[in-house]
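Written out below as structure tokens is the structure these notes cover.
The values are calculated or read from the model by the stated rules, or taken from the named source; none is laboratory data. A quick note: this is a predicted structure, and the numbers were derived from the prediction, not measured. Here Cβ is always computed from backbone atoms with ideal geometry, including for glycine, and neighbour counts include all displayed protein chains. Heavy atoms of the whole protein, side chains included, go into the accessibility calculation; ligands, DNA and RNA do not. Shrake-Rupley method; radii C 1.70, N 1.55, O 1.52, S 1.80 Å.
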Amino acid sequence: MNEKDIKKLIEKSKVNTRFNFTDRLMQKIETQNSLQTSITFWSFRQIVIGFILVAVISGYLIYKILGLNISTGNAAVPFVWSLILLLGLNYLLSINNYKSFTNLKN
Amino acid sequence: MDDKVNDKDSELIYKVQDGDTNAFRTLVDLYKDKSLSLAISIVKNESLAEDILQDSFIKVYRNIKWFKYKSKFSTWLYKIIVNTSYNELKRQKKNISIEESDFVTNLSIKKEENPVLRLEDQKKYIQKAMELLKTDEALVLRLFYLCEMSLKEIAIITKFSASKVRVDLHRGRKNIKQQLEQLLGEEINHLL
């Protein structure tokens, strides 16, 4: 059996997909697309709202519940804490996205 | 020929990256049958292979915006399909053994009545013979002859060493002939 014969032979081993394969696939993609667009994580607006919320809650806890007597200069503490927390969460999400991308990158 | 295919692929990929789903549909239609054959080489089950193919094409669609033309699109696509198929095979082996192949059911073709095999019957015998080959050999044979990948590209897609690719290709050629001789005897000549 020469190369040409083997090639012809292997070409005959091709298996065809079912007739509606592409339609089913595209339908699945469209469904997933509509789900994805309805959930958007970490938009600028959400980051700002998140930052303010965490800062206010931290500030409240520090000044009222714990009753700590922090001088005016330290008022920035809850704000810095909020920023670090949100940046950390954002970093974790970026790492996760990057990992899933590197698994597929060409 | 290859350049022409690449040009057509690139044009379609640009369109998909711009959000054109019809271009993606065309891309799927171009590659779906060869891709299914590759997945079947690994999992040896047609319906499971179709599920793998659906998942793989969804991965491709989601990540095509990151495709930077460092390799041919077909190399990237086949790599995803081969990875997904091997992962699924591992997962299946952990749970239960895969059921017997469902895509080549029976080969009760009466040879006496059909001295020359019809094309459909020829295909069934060849698919059966491919199914009986070792997974790696069947995969390398199909990548080389059906998908027209080079040895280097096959090594990238499968993550096999260059020497393993050469050995599998050599053994695959020898074994497919043996399997067909066992299935068909002298009638193997009608296949060629």
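Observations on the structure shown:
- Shielding by other protein chains, B:137-148, mean Cβ within 10 Å: 3
- Average other protein chain Cβ within 10 Å of Cβ, residues B:49-59: 3
- One way to sum up the overall shape of the stretch B:130-171 is the equivalent ellipsoid from its Cα gyration tensor, whose semi-axes run 15, 11, 8 Å, largest first.
- Surface accessible to a 1.4 Å probe, per residue, for the residues of the stretch B:117-192, Å²: 48 Å²
- Exceeding the 22 Å Cα-Cα cut-off - candidates B:Lys124/B:Lys164; A:Lys14/B:Lys128; B:Lys8/B:Lys159: B:Lys124/B:Lys164; B:Lys8/B:Lys159
- Carbon/sulfur fraction of accessible area - the stretch B:1-94, other protein chains in place, 1.4 Å, %: 48 percent
- Loss of accessible area when A meets B, both sides summed, Å² nearest 100, probe 1.4 Å: 4000 Å²
- Average beta-carbon neighbours from other chains, 10 Å sphere, peptide A:16-25: 5
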